[in-house]
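Working notes, structure below.
The values are calculated or read from the model by the stated rules, or taken from the named source; none is laboratory data. This one's a predicted model, so the numbers in the text were calculated from it and none came from an experiment. Cβ: placed from backbone, ideal geometry, glycine included. Neighbour counts: every protein chain shown. Note: accessible area is taken over every heavy atom of the protein model, side chains too, but ligands, DNA and RNA are not part of it. Shrake-Rupley method; radii C 1.70, N 1.55, O 1.52, S 1.80 Å.
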Amino acid sequence: MLLEELSWHFLFLSGIMPLKYFYLEDIMFRRKSDQPVGLKIIIVGCGKVGSTLVEQLVMEGHDVTVIDTNISKIEELTNLYDIMGVEGNGASYSVQMEAGIENTDLLIAVTGSDELNLLCCTIAKQVADCAAIARVRTPDYSQEIGYLREKLGLAMIINPEMEAALEMARILYLPTALEVSPFAHGQAELIQFKIPEGNILDGITLAQLSSKVPNRVLVCAIERDGKVEIPSGLSEMKAGDVISFVAQRATIKNFMQNISVKNTKVKNTMIIGGGKSAYYLASRLLHMGISVKIIEKDRKRCEELSVLLPKAIIINGDGTDAELLKEEGIDSVESFVPLTGLDEENIMLTLHARQLSDAKMITKINRLSFKNVITELNLGSVIYPRLITSETIIAYVRAKRASIDSNLETLYHLFDGRVEALEFSIGEASRVTDIPLMNLKLKEQVLVAFINRNGKIILPSGQDSIQVGDTVMIVTTHHGFDEIEDILR
């Protein structure tokens, strides 16, 4: 096909050549026949995280077996999905053998007990030549994750509460953002925010962006009226749109300032609930110089938090009491984060605080059943810890299945999972390396967002090419990319 016959789109970025990229015919993503088949995976624990992992891994074509002591949970999942189930203790040698550990590629332990998870992985490593991932949430263990992973030979130890707290802290550092996703070891970030009425971005195309706002950013996705697209240079932004853009971390605040959007971190926050998530978040915020007030109704836990967080203000009381919230200054606080164990309470607390305050709101939600309803509510930034966990594990699984050396290092689902942002490390030459981006035959709705070369973030033009040793960020509405060559048609 001649270049003239292609549908080219232009996205002008400040200070660099125009980025040229084209969309080919609209085809559904199909896995290449020569790609590896799915992995054999055992999941120990059929709770919220385990169920989410089953759904994601089955959808991506893996052979899944679950282990749990609760037969009703096993039956619930085996009735929903084409998987095997084994009743019993996941740390038992005989139970693991019954589940087929000898032929398993990966064991994931996500029970409610950190110790049991670590024991399950240790036994699996002794019995079979398989990778193992453990969920560990206790603060004492979280400080020793590197040591435990190395000594036990685990592929990964993941702490959902800590990861959720880090994401909340990033948002409170840039409170206008709905989501802040780090890439390239924190050197680049993908920011999602809603364009306010009367903003400079309202009514301009992406091709006009660099002339209106002198900053190097790349708009990767636009959501309008419930529909999401990977935009072209001709795409026009409007007030009310939710956009995702990527930029070098150091330039983001300048960009937000140039579009007249508040970009200073909050000075204080009120947290309702004193569990693990509250501890991790408070620790991070205090380190950032943000004042923290925690309201927790369990007196013993308040005493523990007072020792663990001496610089925080700990209030013993019912965080759902409207009078108490008023007394503690909910109407003047700059950020409000309900972290109770109940989704319903967190939602109601956010809606209540919204009536009294202009504070930045972050709402933690564990269940995914009513995401469509939740997106219609004005809950500020919504955090799903179990999705953070599953994204990290899915990225590892995809990298393990890839047939070429282009490991998937980072994976984020955007816009309720309709868009994937992926970061690949390029370990060897392939069909995408050493070729100008303008000459790559990309699938439709695929965008090369940045190239990280030796620590330098490049927002690419059509003349730039991917090199061995780079990491590359891809944004796409397709799902299931395992390796960098999946971007090609």
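Taking all protein chains together, Y280, Y81, Y93 sort by accessible area into Y93, Y81, Y280, largest first [probe 1.4 Å].
With the charge dipole of the chain set up from +1 on Lys and Arg Cβ and -1 on Asp and Glu Cβ about the Cα centre, the Cα lying farthest toward the positive end among the listed residues L39, F481, S425 is that of S425. Taking all protein chains as they are arranged and a probe of 1.4 Å, the heavy atoms of R224 leave approximately 80 Å² accessible to solvent. For E189, the residues 5 or more places off, or on other chains, whose built amide H falls under 5 Å of its own are F183, A247, R249. Note on the chain: with charges restricted to the Cβ of Lys and Arg (+1) and Asp and Glu (-1), its dipole about the Cα centre is near 1240 debye. Relative to one another, the C-alpha centroids of segment 262-316 and segment 117-182 are positioned 22 Å apart. Ordered from longest to shortest, the equivalent ellipsoid semi-axes for segment 286-337 are 18, 16, 7 Å, each the square root of 5 times a Cα gyration tensor eigenvalue.
Per residue, the convex hull around the alpha carbon atoms of the chain comes to 152 Å³.
The mean sequence distance of close C-alpha pairs (under 8 Å, at least 6 residues apart), as a share of the length of the chain, puts its relative contact order at 14 percent.
As a length-normalised measure over Cα pairs under 8 Å and 6 or more apart, the relative contact order of segment 202-242 settles at 53 percent. In the chain the longest region clear of GluC sites (Glu not before Pro) that are loop-assigned by DSSP and have at most 15 other C-beta atoms within 10 Å covers 198-375. Normalising the average separation of contacting C-alpha pairs (under 8 angstrom, six or more residues apart) by the number of residues puts the relative contact order of segment 315-382 at 30 percent. Take H185, project a point 7 Å from its Cα along the Cβ direction, then tell me which residues of segment 433-465 have their backbone nitrogen under 15 Å from it. Hits in segment 433-465 for H185 at 15 Å: 452-457. Counting every Cα pair in segment 173-286, what percent are over 19 Å apart? Summing the P(r) tail past 19 Å for segment 173-286 gives 50 percent.
Summarised as an ellipsoid, segment 72-181 has semi-axes of 30, 19, 12 Å, derived from the eigenvalues of the Cα gyration tensor scaled by 5 and square-rooted, with the largest first.
Just round it to a whole percent: the fraction of Cα-Cα distances in segment 239-371 exceeding 19 Å.
55
Take H479: with every protein chain present and a 1.4 Å probe, its accessible area is about 80 Å².
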